[in-house]
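Structure first, commentary second.
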Amino acid sequence: MAQQPPRNRQELYDRIRETSKEEVIFEEMVRLGFWPARSGVPGDPADELHRKADLRAQLRALTTEQSRLGNLERLKKELRKKRLAESRRKQQETKERRERERVARAEAWKARKAKELLFLGRGVSGGLSHRTPDVAKLERQGLPKLETPEVLAQALGMTVGQLRGLCFARTVSTRTNYVRFALRKKTGGLRIISAPLPRLKAAQHWVLENLLEKLPMHEAAHGFRPGRSIVTNALPHVGAAAVVNLDLKDFFPTVVYPRVKGFFVKLGYSEATATALALLCTEPDLEEVELDGQRYYVAQGGRRLPQGAPTSPALTNLLCQRLDRRLKGVGRKLGFTYTRYADDLTFSLPPGGPGDVGKLLRLVRFVIQKEGFVPHPEKTRVLRRGRQQEVTGIVVNDKPGVDRETLRRFRALLHQLEKSGPEGRTWNGSTDVIASAVGFANYVMMVDPTKGRVFLEQARALEKKYGRKAVVPPRRKAAPPAQAGTAAAPPSGARLGEEPKSGEPASPGAPAKKKWWKLF
């Protein structure tokens, strides 16, 4: 296409600046027809002009590039700017990708948490990935298989999240699954009771009925067993030449979480299921603190069997089977009869038996310590034939009975109640004297039916005449909590750290409050 003529002088100057004066003249001569565009003749000036134009263009490009490369600082800045822009672009892409992956992982984890128990706290979650039970062993014992914790949750009638809430081992928490209070011991001091809240208590009852009660216990164990009582525990020792009583110190708290978990694993359950079962049945000692108006429960040490959980007595009976076998063997070897009621160990020597009490005590203490328990240093008694012999509170000199002094005081109480009524009277610290009298009469009836029948008739007649007293215990001043098995501050009916509610009447005008034992 022919070059258009310049429309003004500025366009002419621009064309000359872009090419050269000779090219512009040549193009105008070609346009006006004075010279052919390509003549084909060797040495044609057009070819030379075109070649010069190409060379000048290359020279300008080289000059421009040389100028650009010559300025190193500007080049560095351009490269740095380019790299920075590329880096920011990649960072943004990486950030968006990681956010997408994080959201995807969170959703996947949330979905898994709703279906599986993946973490139950530090120090107890290591075996949750081991989910293979010994099915044959469980079937031989007639136990439910419970292959995984999720199957356990289904058997308990709860969701996986609810089971996680009951099992989770927290160091610090704003809530607790137990209500702690203290009961006064007959021998002095306070006994800390940890009563599980309803949902946990229901789960523990399920474990008790469907697992623990299906397992055989040693014949020497009489505590917390159907058909057994303090009476059956005392009967083998009636008429003995000597009765030796020992006590295990901190019986339930001595049984710690690893031992309970190992017991369930030994039954045949997978480590994951055994972990959940052991966490359901154990709880650490807690200290209640308040910070910025918020109440916190801080774990003190490891988990152990709580005194008050339905599963604790059966678990101790099952875990003490080897202890019972060894102690029974020691007793048989030395000529003694052995029984155990919870933490009370009793050995008796038949009349004329050759038993060595000193040797028995040495061997028994050795076995107790080897089995992971601690003999109470202040509760070992050797009762010879010449004095009153007691086994778990029952006199066993000639036949099972209640000690004479207690019966004498009880007769006096019944006489006073018949004569002047229950006003201002107590029995064993209870102000509901009629209910206490009926209860004690039933106890005597269980131990000695002949004497107990007379007492029970009298107590029932008094109950019919006066009725039972409705006691509304007052709320007392709060006090610091104490550890289980030690002298503690007075307990609370509902919260850790308060005193127990006594049988004293409430102050006038105070609203009626639910009795503490009805909370559980």
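General observations
- Relative contact order %, the stretch 9-164, counting alpha carbon pairs below 8 Å whose residues are six or more apart: 12
- Cα-based Kirkwood hydrodynamic radius, the stretch 330-457, one decimal, Å: 17.3
- Potential lengthening between Asn71 and Arg88 on full extension [0.36 nm per residue; Cα-Cα distance subtracted]: 3.5 nm
- Scaling the Cα radius of gyration of the stretch 226-314 by the globular reference 2.2 N^0.38 Å produces a ratio of 1.54.
- Cα-based equivalent ellipsoid of the stretch 250-365: semi-axis lengths in Å, sorted from largest, via gyration tensor: 37, 19, 10
- When the square roots of the Cα gyration tensor eigenvalues are ordered a ≥ b ≥ c, the ratio a/c for the stretch 145-244 is 1.5 or more and a/b does not exceed b/c, which makes its shape oblate.
- Binned Cα-Cα distance frequencies in the chain - 10 Å width, integer %: 3, 13, 17, 18, 13, 7, 3, 3, 3, 4, 4, 4, 3, 3, 2, 0
- Using a probe of 1.4 Å, the accessible surface attributed to His415 totals some 110 Å² when neighbouring protein chains are kept in position.
- Pairs from Lys379/Lys399; Lys214/Lys359; Lys333/Lys451; Lys52/Lys81 whose Cα-Cα separation, in the structure shown, is over 31 Å: Lys214/Lys359; Lys333/Lys451; Lys52/Lys81
- Every Cα-Cα pair in the stretch 326-365 was counted, and those over 14 Å apart are 38% of them.
- Normalising the average separation of contacting C-alpha pairs (under 8 angstrom, six or more residues apart) by the number of residues puts the relative contact order of the stretch 181-255 at 11 percent.
- At the residue level, Glu78 shows approximately 90 square angstrom of accessible surface with a 1.4 angstrom probe and all protein chains present.
- Inter-site label distance for Lys333 and Thr132 at 7 Å from Cα along Cβ, in nm: 4.0
- Distance between modelled label sites at Lys113 and Lys399, nm, 7 Å Cα→Cβ extension: 6.6
- For the chain, with all protein chains in place and a probe radius of 1.4 Å, 53% of the accessible heavy-atom surface sits on carbon or sulfur.
- Per residue, the accessible area of the chain comes to 57 Å², computed with a 1.4 Å probe over protein heavy atoms only.
- Contact order for the chain, expressed relative to its length and based on alpha carbon pairs under 8 Å spaced 6+ residues apart, stands at 15 percent.
- Once the Cβ-Cβ distance of Glu213 and His376 is raised to the sixth power relative to R0 = 35 Å, the FRET efficiency obtained is 0.80.
- As a calculated quantity, the FRET efficiency between Arg325 and Val454 at R0 = 41 Å, using C-beta atoms, amounts to about 0.45.
- Exposure check, 1.4 Å probe, all protein chains in place: Val103 carries approximately 60 Å² of accessible surface.
The values are calculated or read from the model by the stated rules, or taken from the named source; none is laboratory data. These numbers were taken from a predicted model, which means no experiment stands behind them. Glycine gets a Cβ as well: all are built from the backbone with ideal geometry, and neighbour counts include every protein chain shown. Please note that ligands, DNA and RNA were not included when accessible areas were found on the heavy atoms of the full protein model with its side chains. Shrake-Rupley method; radii C 1.70, N 1.55, O 1.52, S 1.80 Å.
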